[in-house]
């Protein structure tokens, strides 16, 4: 028979010291988890506030429950408020431009299925409350559990409408400037041909003009902007060469 415990010894059953220690350890672990969750929630709120202040938006998809959190900045970007959006994933798809929807959805699902290893970075258009289209730049990442299953997909939206419009305007201005330079080069080429046919034209001056015009046309054909000082140097060389040609052409007539 097992020996009886000495008088006064605490029992080791469910209500004994072992159970008390296990209960205390569990409580400490729960408090630790709660503290970590509170810290994470605080960081998320701080990040969302910073993104809202910058005019950007956050989306957070709960893949297990098929719900999504849209930040206030996300909604404001489209002239909406968060209360109007709800928590359905389809909300974002309904607001997306029809020509972009399938492409974005395919990339989204490929990242969830882990068939793509590149970063989720994509651009598309979304409908503003006014009916206009907002150019969106989106970046995100999938969070997985210990078994590799996708549980969350979190990302950001940045409104790049103004930037894209400014880039388009800059591109148009550059194209217009290139066209003007080409017309000028053609006009100079024509004038050069006329001067070259005049009696007594200096071959070196003619060649200098042709070289300057040729360099300008070569840059235009390659779509390159002239380096600092390069265009000025060509202009000065062209001006000097044309001055020599004009002086030689007009000089004999003036003397006569």
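Values quoted throughout were computed directly from the atomic coordinates according to the rules given, and no laboratory measurement underlies them. All figures in this text were calculated on a predicted structure; none of them were measured in a lab. Because the Cβ atoms are built from the backbone with ideal geometry, glycine has one as well, and the counts that use them run over all protein chains shown.
Which distance in nm do the two modelled labels at residue 160 and residue 204 give, with both placed 7 Å along the Cα-to-Cβ direction?
Each label point is offset 7 Å from its Cα along the Cβ direction, giving 5.4 nm.
Tell me, what are the semi-axes, in whole angstrom and largest first, of the equivalent ellipsoid of region 55-159 as set by the roots of 5 times the Cα gyration tensor eigenvalues? Please list the in-between numbers first.
Details: eigenvalues 106, 46, 26 Å².
Working through the eigenvalues yields semi-axes of 23, 15, 11 Å.
Going by C-beta contacts inside 10 Å, put 147, 72, 169 in order with the fewest on the left.
Details: 147 6, 72 18, 169 10.
Going from sparsest to densest Cβ surroundings: 147, 169, 72.
Mean separation of Cα pairs under 8 Å and 6+ residues apart, divided by the residue count of region 50-190: what relative contact order is that in percent? If you can, show how the numbers build up before the last one.
Numbers: 205 pairs, mean separation 31.7, N = 141.
Taking the mean separation of contacting Cα pairs over the length of region 50-190, I get 23 percent.
Take each of the peptides 65-71, 109-115, average the number of other beta-carbon atoms within 10 Å over its residues, and list them starting from the highest. Intermediate values should be presented prior to the final figure.
On the way: 65-71: 16.9, 109-115: 13.1.
Highest to lowest by the protection proxy: 65-71, 109-115.
Determine the gain in length on full extension of the stretch residue 178-residue 218; use 0.36 nm per residue of separation and subtract their C-alpha separation, reporting nm with one decimal. Intermediate results must be reported in sequence, preceding the final value.
Numbers: separation 40, 0.36 × 40 = 14.40 nm, distance 1.16 nm.
That pair, residue 178 and residue 218, stretches by 13.2 nm at full extension.
How much length is gained on full extension from residue 121 to residue 65, taking 0.36 nm per residue of separation minus their Cα-Cα distance?
17.8 nm
Just to be sure I understand the model, the point goes 7 Å from the Cα along the line to the Cβ. What's the resulting residue 147 to residue 186 distance in nm?
7.1
Tell me, in nm to one decimal, what length is gained between residue 129 and residue 113 on full extension, where the rule is 0.36 nm per residue of separation less the Cα-Cα distance?
Working: separation 16, 0.36 × 16 = 5.76 nm, distance 3.28 nm.
Result: 2.5 nm gained on full extension.
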